[in-house]
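Structure first, commentary second.
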Amino acid sequence: MPALDTIPLIPRGSLFGNPSRSQGKISPDGEWLSWLAPYEGVMNIWVGARANPDDAKPVTKADDRPIREHFWTPDSTAVGYIQDKGGDENFLLYRVDIASGEETCLTPFEDTRVMIVGSSQIDKQHILIGLNNRDPQWHDVHRLNLSTGALDLVYENNAYAHFMADDTLTLRMAMAQNEAGGTDYFRVTGNVVEEEPFETTAMEDSMTTSPSGYTVDGSVLYWLDGRGRDTAALYAQDTASGERTLIAEDDRADIGGTIRHKQTGVVQAYSVTYLKTEWTAIDPEVGASFAWLGQQFHGEFGVMSRTDDDRIWIVWNDPVSAPIRTYIHDRDAGTLEPFYVTRPELEGALLQPMHPVEITSRDGLTLPSYLTLAAGSDAEHSGRPAAPTPMVLLVHGGPWARDGYGYNPIHQMLANRGYSVLSVNFRGSTGFGKGFINASNKQWGLAMHDDLIDAVEWAVQQGIAPRDKVAIMGGSYGGYATLAGLAFTPDVFACGVDIVGPSNLETLLSTIPPYWAPMVKIFHERMGNPGTEEGLALLKAASPLYKAKDITKPLLIAQGANDPRVKQSESDQIVGAMKEAGIPVTYVLYPDEGHGFAKPANSVSFFAITENFLAQNLGGRAEPLGDVLKPSTAEVVEGADHVQGMAG
């Protein structure tokens, strides 16, 4: 492996700018291909005939915020997408007719967030959606005609967080949080919700138990269920008798995704993700296709779109150390036709492999983690550097989410700049059973933080990082962990990068979006209830704001002004406290972003600031800032002098 100083810098834009294409799909009838790609610099939906995809054209003209996901209507006549304004997460639903090119907003309301409740193989003209335009806290269920845009109220909701429908678009289930912080599941008959729940969970099961949809005939309800066990298993429940049948389980991790028969809705395959994702087929034909695809690819692969007859699949392949590729798989012909490379500019770049590792916490928990070594540091391909390199501990958000295996642009940029990168599934991360989640209850800033410190100690002991050259970085909960790391354990980290992280858990809980209110009990049970003396004390003790004066290491903070989850005040508060204490801090505000970065120019600008900040404090390489801030909306509110190349 060549030495770091001989390895070219991967341009930031190649990692965080617009991809060439992404999210490829095939229409249900197999006649059309669609994908997201830039049009005049902004990600839009492109559609082309399956028989002649080179003649594809953009069917949307978004000119500000990129379109980040799209779907086909069940009848293949239109594509749809959701879009918010400036990151406020009030997502509205749009439809584009393929024949006419006409674009329509199907939910033309202000301060409204649309929720998809159900779609159908039988009735392809309609879907069920939830709208909170009447009351921001509750989503009323409407039947939406996808062709005309007509909305018919199905259920006025004043009590339930979620609903589930069958394939006839008939409401079958309503869900509400109970006093214990778990969930009650109610049958719905004739659009009337029964008074007593037919299933219920305690708080301890609330994140590992959920219904997973009906078969098309409505006779079977699938569950991912952790009740009476640790990891969530897949069950089939007879809707008439209530009898349940175990389909799949795994002691290491929860059952994750499923593949369903396109016409019947019966589960054909399921996945488990411990360190990597493993698919198991129940259906022999699906199993044969998986086996054949597994022979064609290096690295992980998955199915991202299928025709109604299930003969054509759109398949992605992630080799990690090469750009992700997408293919069209004809199952009858046994062919694999190249569709696109997501980031062709990364072809030939020296991308680094990702190493799954298991780290043991101080109290004996196994923390599934992912290590990417600094470029040029592992000539022997041993999974360990020849000598310690500076390291970035990259902490995921949530915290009820998880890190996974695969291409990660942040890992790749940091490794290319000379840092090893460690991502840790600390307690509270999802996917590893309820015991792992519940070990984090009321442990913000305590055992959850200890897990991160234990991971740093592991990296030092393994010879991966020198003790004095470790940074902490992350977004959302990862931003909180960054603030906590610098405030609670100021001697562990050399610097920190916080992206939209809360600094005060009390104010975080008092400013949650109204549509989260039906689920607020879970926050109180897992973090601390600000309505009780004990809970409030716990939240304050875990809030970095109150120990801002203890921060001694350089800190970079990024915030979206329109963030509905972690308000701008969360960053303003701690920046103000640090200024008052005379502690340097760099604060970058994005007036047109929310909970993270949607616009590539903003993302590129932030990572430009980040790499130069890290270079100044850890000694790695950096692509000079240049004029990278000009195309972005970045406002450097504080501390331009603390990032190399940014002052002046």
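Quick notes on this structure:
- Scanning the range 349-402 for residues that are surrounded by fewer than 21 Cβ atoms within 10 Å (Cβ to Cβ), within 16 Å of ARG427 (Cβ to Cβ) and among the hydroxyl-bearing types (Ser, Thr, Tyr) turns up THR360, SER361, THR366.
- Given (1) open to solvent by 20 Å² or more (accessible area, probe 1.4 Å); (2) within 30 Å of GLU534 (Cα to Cα); (3) assigned to a loop (DSSP other than H, G, I, E, B), number of the condition SER429 does not satisfy: (1)
- Residue list for the range 301-330, filter: at pLDDT 95 or above and open to solvent by 30 Å² or more (accessible area, probe 1.4 Å): PHE301, VAL303, MET304, ARG306, ASP309, ARG311, TRP316, ILE324, ARG325, TYR327, ASP330
- Among the candidates THR273, THR239, residue that is under 18 Å from ARG187 (Cβ atoms) and open to solvent by 30 Å² or more (accessible area, probe 1.4 Å): THR239
- Pair list, Cβ < 6 Å and 6+ apart or interchain, from the range 58-76 residues that are on the phi > 0 side of the Ramachandran plot to residues that are open to solvent by 30 Å² or more (accessible area, probe 1.4 Å): SER76/ASP29
- First in the range 207-235 and at positive phi, second anywhere and crowded, with 19+ Cβ neighbours inside 10 Å, Cβ under 6 Å, 6 or more apart: GLY213/TYR222; GLY218/ASP166
- Considering ALA608, ALA615, ALA598, the condition of being touching a residue at least 60 places away in the same chain (Cβ under 8 Å) and either surrounded by fewer than 17 Cβ atoms within 10 Å (Cβ to Cβ) or in a loop (DSSP other than H, G, I, E, B) (or both) is satisfied by ALA598 alone.
- Pairs meeting the criteria (first residue in the range 358-384 and more than 22 Å from PRO8 (Cα to Cα), second residue assigned to a strand (DSSP E or B) and among the charged types (D, E, K, R), beta carbons under 9 Å, at least 6 apart or on different chains) are THR366/GLU358; LEU367/GLU358; PRO368/GLU358; SER369/GLU358.
- Selection of first residues in the range 494-515 that are within 24 Å of VAL421 (Cβ to Cβ) and of second residues that are acidic (Asp, Glu) and open to solvent by 10 Å² or more (accessible area, probe 1.4 Å), restricted to Cβ pairs under 7 Å at least 6 apart or on distinct chains, gives the following pairs, ordered by first then second residue: ALA494/ASP468.
- Residue tally, condition part of a helix (DSSP H, G or I) and small (Gly, Ala, Ser), over the range 436-449: 1
- Selection from the range 45-60 of residues that are surrounded by 12 or more Cβ atoms within 10 Å (Cβ to Cβ) and either of a type outside the set (A, V, I, L, M, F, W, C) or under 23 Å from PHE597 (Cβ atoms) (or both): ILE45, TRP46, GLY48, ARG50, PRO53, PRO58, THR60
- Flag for ALA471 being within 30 Å of GLY619 (Cα to Cα), modelled with pLDDT of 95 or more and open to solvent by less than 10 Å² (accessible area, probe 1.4 Å): yes
- Taken over the range 315-330, the criterion of being β-branched (Val, Ile, Thr) and either assigned to a loop (DSSP other than H, G, I, E, B) or under 18 Å from MET354 (Cα atoms) (or both) is satisfied by VAL320, ILE324.
Each row is one residue, and each column tells you yes or no for (1) closer than 30 Å to GLY594 by Cα; (2) out of contact with any Lys or Arg (no Cβ under 9 Å at 6 or more places or on another chain); (3) crowded, with 21+ Cβ neighbours inside 10 Å.
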| position | (1), (2), (3) |
| --- | --- |
| PHE91 | yes, no, no |
| TYR94 | yes, yes, yes |
| ASP111 | yes, yes, no |
| ILE127 | yes, no, yes |
| LEU131 | yes, no, yes |
| ALA176 | yes, yes, no |
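- A residue that is in a helix (DSSP H, G or I), more than 17 Å from LEU371 (Cβ to Cβ), open to solvent by 30 Å² or more (accessible area, probe 1.4 Å) and of a type in the set (D, E, K, R) occurs somewhere in the range 450-462.
- ASN602 vs. criteria touching an Asp or Glu at 6+ places or on another chain (Cβ under 8 Å) and either aromatic (Phe, Trp, Tyr) or at negative phi (or both): yes
The values are calculated or read from the model by the stated rules, or taken from the named source; none is laboratory data. Please read all numbers here as calculations on a predicted model, not as lab measurements. Here Cβ is always computed from backbone atoms with ideal geometry, including for glycine, and neighbour counts include all displayed protein chains. The area values use the complete protein model at the heavy-atom level, side chains included, leaving out ligands, DNA and RNA. Shrake-Rupley method; radii C 1.70, N 1.55, O 1.52, S 1.80 Å.
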